[in-house]
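Trainee: After the structure tokens below, expect a handful of questions from me.
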Amino acid sequence: MKRIVSIQDLSCIGKCSQSIALPVLSAMGIECAALPTALLSAHTAFDSFVSRDLRDFFRPITAHWRSLGLRFDAIYTGYLGSEALIGLVLDLLRDFCTAETIVFVDPVMGDHGTLYAGLSPALPEQMKALCRYADFITPNVTEACLLTGLPYRERHDEAFIRTLSERLLTLGAKNVIITGVRMNEAQMGVAAADAEGNLSLHMTAHLPGVFYGTGDLFASTCVGALTLGYSAADAIALAADYVVQTIRATTADPNARWYGVNFEDTLPALMTRLHRLPQKEETT
């Protein structure tokens, strides 16, 4: 069985980060080893919450894993929130990465053109160091702009996306996947670029509204498919279409928008589509 370590926070209530990664990756037939960076009573969209920073447990946990001789098929990072945590993740990569390990970095830092509240303005610069080791990075457009210094735009043409992708690739990642690409009112999608300069777009219907956890749902599904050996194009299409399908299902629940997307309702459909994908690539 494939094994992924997911490094991000855990909310007891509300669907995001680890509370999406664990069930989605498990349903895909992958063992998900959770390394929580913080524990929250509820995710940050709630009116109030209590939290506990868990970074002091990071080194003891990874030291124990080393003593067990554990290896991971993929290392997946989500919301980290501090330069100190990025440094700890870099240490983990040096300890656990092999030539076969997929390093998948979702540089969660902001949205709608701004850095998330409470994050240091220095965080994007530190995140660049983590992107250097990544096989795949999945910033949204805001995060891509924070990493490259390009001005944020609400609408995007191919020239802008190509420039953004090219600048992201100079950070060292082998593949760039930009989410939240908007070329017109009716569509939203994902742009993917590789080190050879190939650029592709996968567009889906744009569904207006704010739905928490969609970025985590995309990243978890995408890294799962990549770890199982599916091509990048198939993994991106699977994840993007699954997010849209889940948003559609969530709109039927009037209380779900602030709580998180109802991915539980659509997991069976994800499994059906996963098994219908073309033959997997050979992996070692």
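The values are calculated or read from the model by the stated rules, or taken from the named source; none is laboratory data. A quick note: this is a predicted structure, and the numbers were derived from the prediction, not measured. All Cβ positions, even for glycine, are placed from backbone atoms using ideal geometry, and neighbour counts span all protein chains on display. Just the protein is used for accessible areas: all its heavy atoms, side chains included, with ligands, DNA and RNA removed. Shrake-Rupley method; radii C 1.70, N 1.55, O 1.52, S 1.80 Å.
Trainee: Cβ-Cβ below 8 Å, separation at least six or inter-chain, first residue in region 23-34 and farther than 16 Å from L10 by Cα and assigned to a loop (DSSP other than H, G, I, E, B), second at pLDDT below 95 and open to solvent by less than 10 Å² (accessible area, probe 1.4 Å): which pairs?
Mentor: Pairs found: M28/L274.
Trainee: Would you confirm whether or not region 222-243 contains a residue that is touching a helix residue (DSSP H, G or I) at 6+ places or on another chain (Cβ under 8 Å), farther than 15 Å from I137 by Cα, free of Cβ contacts under 8 Å to residues at least 60 places away in the same chain and in a loop (DSSP other than H, G, I, E, B)?
Mentor: yes
Trainee: Does Y259 satisfy the condition of being under 20 Å from Y79 (Cα atoms), under 15 Å from the mean Cα position of the chain (by Cα), at pLDDT below 95 and open to solvent by 30 Å² or more (accessible area, probe 1.4 Å)? Outline the logic, then answer.
Mentor: On the way: under 20 Å from Y79 (Cα atoms): yes; under 15 Å from the mean Cα position of the chain (by Cα): no; at pLDDT below 95: yes; open to solvent by 30 Å² or more (accessible area, probe 1.4 Å): yes.
Against the criterion (under 20 Å from Y79 (Cα atoms), under 15 Å from the mean Cα position of the chain (by Cα), at pLDDT below 95 and open to solvent by 30 Å² or more (accessible area, probe 1.4 Å)), Y259 does not qualify.
Trainee: How about region 82-118: which of its residues are out of contact with any Gly (no Cβ under 6 Å at 6 or more places or on another chain), open to solvent by less than 20 Å² (accessible area, probe 1.4 Å) and part of a loop (DSSP other than H, G, I, E, B)?
Mentor: S82, T101, P107, M109
Per-residue answers, yes or no, for (1) surrounded by fewer than 16 Cβ atoms within 10 Å (Cβ to Cβ); (2) among the charged types (D, E, K, R); (3) touching a strand residue (DSSP E or B) at 6+ places or on another chain (Cβ under 9 Å):
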{"site": "L25", "(1), (2), (3)": "no, no, yes"}
{"site": "L35", "(1), (2), (3)": "no, no, yes"}
{"site": "A42", "(1), (2), (3)": "no, no, yes"}
{"site": "D53", "(1), (2), (3)": "yes, yes, yes"}
{"site": "P60", "(1), (2), (3)": "yes, no, no"}
{"site": "H64", "(1), (2), (3)": "yes, no, no"}
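Trainee: Which numbered condition trips up I161, out of (1) touching a Lys or Arg at 6+ places or on another chain (Cβ under 9 Å); (2) at pLDDT 95 or above?
Mentor: (1)
Trainee: On to the next question. Just give me the residues in region 165-183 being open to solvent by 40 Å² or more (accessible area, probe 1.4 Å), touching a residue at least 12 places away in the same chain (Cβ under 8 Å), part of a loop (DSSP other than H, G, I, E, B) and of a type outside the set (K, R), in sequence order.
Mentor: Correct list: M183 only.
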